[in-house]
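The structure under discussion appears below in the form of structure tokens.
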Amino acid sequence: MFVRRVAVVGAGYVGLTSAACLASLGHHVVCADIDEKKVEQLRKAEVQIFEPGLTELVGEGIAAGRLEFVVGVRNAVPDAEVVFLCVPTPMGEGGAADLRAVEAAVAEMKDLLAPETVVVNKSTVPVGTAKRVLELLDRDDVFVASNPEFLREGSAVKDFMHPDRIVVGSDAQNAAERVSALYARLGAPTVLMDAASAELVKYSANCFLAMKLSYVNAMAELCERLGADIANVTEGMGFDQRIGQSFLQPGPGWGGSCLPKDTHALLQIAEAAGHEFELLQATINTNEKQSRLIISKIAQAVGGLRGKKLGLLGLAFKAGTNDLRDSPALKIAKMLKAEGAELVAYDPAIPAEVEGVTDDVTVVDDVQHAAKDANALVVLTEWPQFRSLDWAALAGAMTGQVVVDTRNLLDGDILTRAGLTSHGVGR
Ligand SMILES: NC(=O)c1ccc[n+]([C@@H]2O[C@H](COP(=O)([O-])OP(=O)(O)OC[C@H]3O[C@@H](n4cnc5c(N)ncnc54)[C@H](O)[C@@H]3O)[C@@H](O)[C@H]2O)c1
Ligand SMILES: O=c1ccn([C@@H]2O[C@H](COP(=O)(O)OP(=O)(O)O[C@H]3O[C@H](CO)[C@@H](O)[C@H](O)[C@H]3O)[C@@H](O)[C@H]2O)c(=O)[nH]1
């Protein structure tokens with residue numbers, strides 16, 4: 001079997017998943033983070049993020065002696081043949097990606113790398129970053145490649161182990177081949193290309209997904225005006241194999257740690273290249289509009305927001321994760337609060353004492369508590385367990401009898417039987 005010594009820099013969603021999965025493929029992986037507490041926990045196989053299968057995989061990797069956690073880049077890279085950069089690239093000034101974490105990691109490793117090492121950008125980075133990293137390394141005996149990651153939160157391990165494709169770009173063909181060989185056991189379609197194209201694939205894919213969602217949300221609004229049902233429209237569209245059934249669910253707007261920042265970053269990349277990307281701008285604008293439409297819908301359903309008590313069901317940016325970064329639910333909560341509503345929220349993955357939720361919301365650990373004296377319940381995250389809540393008991397605790405289901409998640413008949421009036425999106 002083909003075994004390599006691999007370093008992974010950053011132990012977040014992408015870094016930790018990559019490290020654990022690469023170890024499970026048989027490679028020897030050293031994963032570094034700057035967060036000492038996180039490293040301490042990971043050494044005990046304690047995983048703080050909500051990813052099915054990840055804790056088990058980390059434990060197996062450690063037990064097999066193939067997965068190690070260290071503090072700081074300098075302790076991970078000296079023996080590595082391939083170094084994956086999996087550090088954050090958040091939205092910076094003006095919407096462009098902030099590359100400071102990438103630059104800091106590269107500065108720290110540059111004099112420690114063994115000759116022939118391939119440094120791989122797995123973080124989502126603007127076109128030209130592979131070149132920039134090579135300049136920063138300032139060595140002619142190492143290589144740089146781009147290997148964008150397409151995993152989704154909530155299914156990170158599954159996505160990593162069963163990818164639709166693997167993309168590796170490098171201006172040094174041999175480096176790209178060495179990186180793609182790490183994944184050989186996955187048997188996934190693999191596309192090798194130049195570094196700039198690989199960097200652009202990632203933004204292009206995420207922005208296309210965002211565009212698909214904005215299109216569906218805009219179509220949902222049209223359905224409401226025309227008396228059509230978006231579920232029927234998307235089902236009918238989705239059978240066309242060129243469109244597909246997935247990523248067609250309307251909602252409160254798209255969010256999360258990737259789509260918002262990546263759409264803004266590509267807009268900046270395009271602008272810097274002299275290209276006015278109107279379609280992408282419209283995609284972002286439509287998403288902004290979606291949150292305003294949801295606020296109006298809730299206001300209309302409860303007869304104005306000032307002084308109304310609302311129980312929010314869901315805070316995470318989507319079901320299956322406890323990630324709150326750029327969550328549409330938090331954005332909507334902030335807007336509701338600004339309009340004078342009082343908010344209590346319940347999310348099965350977010351404990352009451354969680355940090356990072358705005359002061360605008362009181363988080364509770366019990367859904368019944370969120371419903372108490374509420375004028376309405378608002379579903380903001382599509383947790384499947386919300387479908388089978390005791391809706392009659394919730395209705396009994398509420399003062400109003402209204403549910404606004406921004407995810408079209410719930411069964412309308414069940415709500416009607418519980419005496420509740422429901423308002424969905426696009427129907
Ligand atoms: N989250 C996703 O679903 C996803 C999917 C594909 C790609 N990406 C991209 O991958 C990158 C990482 O995203 P993430 O969600 O895993 O981030 P994250 O915030 O979950 O994790 C990043 C980790 O890097 C660590 N770190 C920061 N600077 C460091 C340094 N100098 N040395 C060592 N560790 C350092 C942080 O402490 C943190 O643990 C981003 O560019 C993101 O756009 C994310
Ligand atoms: O039919 C749908 C599908 C998604 N969403 C929303 O869209 C957002 C993004 O969802 P998703 O793409 O599943 O989340 P991420 O985990 O952020 O994954 C995206 O961002 C990652 C980081 O770049 C990429 O790796 C993934 O391929 C890409 O799907 C969330 O707010 C979802 O609720 C909808 O409203 N309707």
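Throughout, read-outs are computed from the coordinates displayed, never taken from laboratory work. The model shown is predicted, which means the values in this text are computed figures rather than measured ones. So basically every Cβ, Gly included, is an ideal-geometry build from the backbone, and we count neighbours across all protein chains shown.
What the table shows:
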item: Sequence-separation-based contact order of the stretch 30-93, relative, with Cα cut under 8 Å and 6+ spacing, percent; result: 43
item: GluC sites (Glu not before Pro) restricted to DSSP loop in the stretch 327-427 with at most 15 other C-beta within 10 Å; result: Glu339, Glu353, Glu355
item: Lysine pairs meeting the criterion (Cα under 18 Å, 8 or more apart or interchain), as found in the stretch 77-230; result: 7
item: Separation in nanometres of the label points that stand 7 Å from Cα toward Cβ, at Asn174 and Glu46; result: 4.5
item: Calculated P(r) of the stretch 304-427 - Cα pairs past 19 Å, %; result: 40
item: Rounded FRET efficiency, nearest 0.05, which uses the C-beta distance separating His275 from Gln241 and R0 of 25 Å; result: 0.25
item: Stretch gain in nm, segment Asp138-Asp164, where the contour uses 0.36 nm per residue and the Cα spacing is subtracted; result: 5.9 nm
item: Separation of alpha-carbon centers, the stretch 174-211 and the stretch 216-273, rounded to whole Å; result: 24
item: Relative contact order [Cα under 8 Å, 6+ residues apart], the stretch 1-42, whole percent; result: 44
item: Virtual paramagnetic centre 7 Å along Cα→Cβ of Glu36, amide N under 19 Å, in the stretch 73-114; result: 73-76
item: Residues with amide H under 5 Å from that of Trp254, placed H, sequence gap 5 or more; result: none
item: Förster-model FRET efficiency, 45 Å R0, Asp373 and Glu288, C-beta, rounded to 0.05; result: 0.90
item: Computed over the chain: relative contact order in percent, which uses C-alpha pairs under 8 Å that are six or more apart; result: 12
item: Rounded Å value of the spacing that divides the Cα centres of the stretch 282-306 and the stretch 356-377; result: 20
item: Low-density loop positions, GluC sites (Glu not before Pro), the stretch 1-70 - DSSP coil, at most 13 other Cβ in 10 Å; result: Glu46
item: Span-rule helices in the chain, defined as complete DSSP H runs reaching 18 Å or more along the axis (Cα) with Kyte mean at least 0.5; result: 195-226
item: Neighbour count of at most 13 Cβ within 10 Å plus DSSP loop: longest chymotrypsin sites (Phe, Trp or Tyr not before Pro)-free window in the chain; result: 3-238
item: Distribution of pairwise C-alpha distances over the chain, 10 Å bins, in %; result: 5, 20, 28, 23, 16, 7, 1, 0
item: Within the chain: Cβ-based charge dipole about Cα centre, in debye rounded to nearest 20 (Lys, Arg +1; Asp, Glu -1); result: 740
item: Hydrodynamic radius of the stretch 134-173 per Kirkwood, over alpha carbon pairs, in Å; result: 12.2
item: Förster radius 30 Å - calculated FRET efficiency between Thr399 and Ser296 (Cβ-Cβ, nearest 0.05); result: 0.85
item: Label-to-label distance, nm, for residues given as Met193 and Asp365 (7 Å Cα→Cβ offset); result: 4.8
item: Partner lysines for Lys309 [C-alpha distance under 19 Å; skip if fewer than 8 residues away on the same chain]; result: Lys297, Lys331, Lys334, Lys337, Lys372
item: Val402 long-range amide H proximity, modeled H, under 5 Å; result: Leu377, Thr421
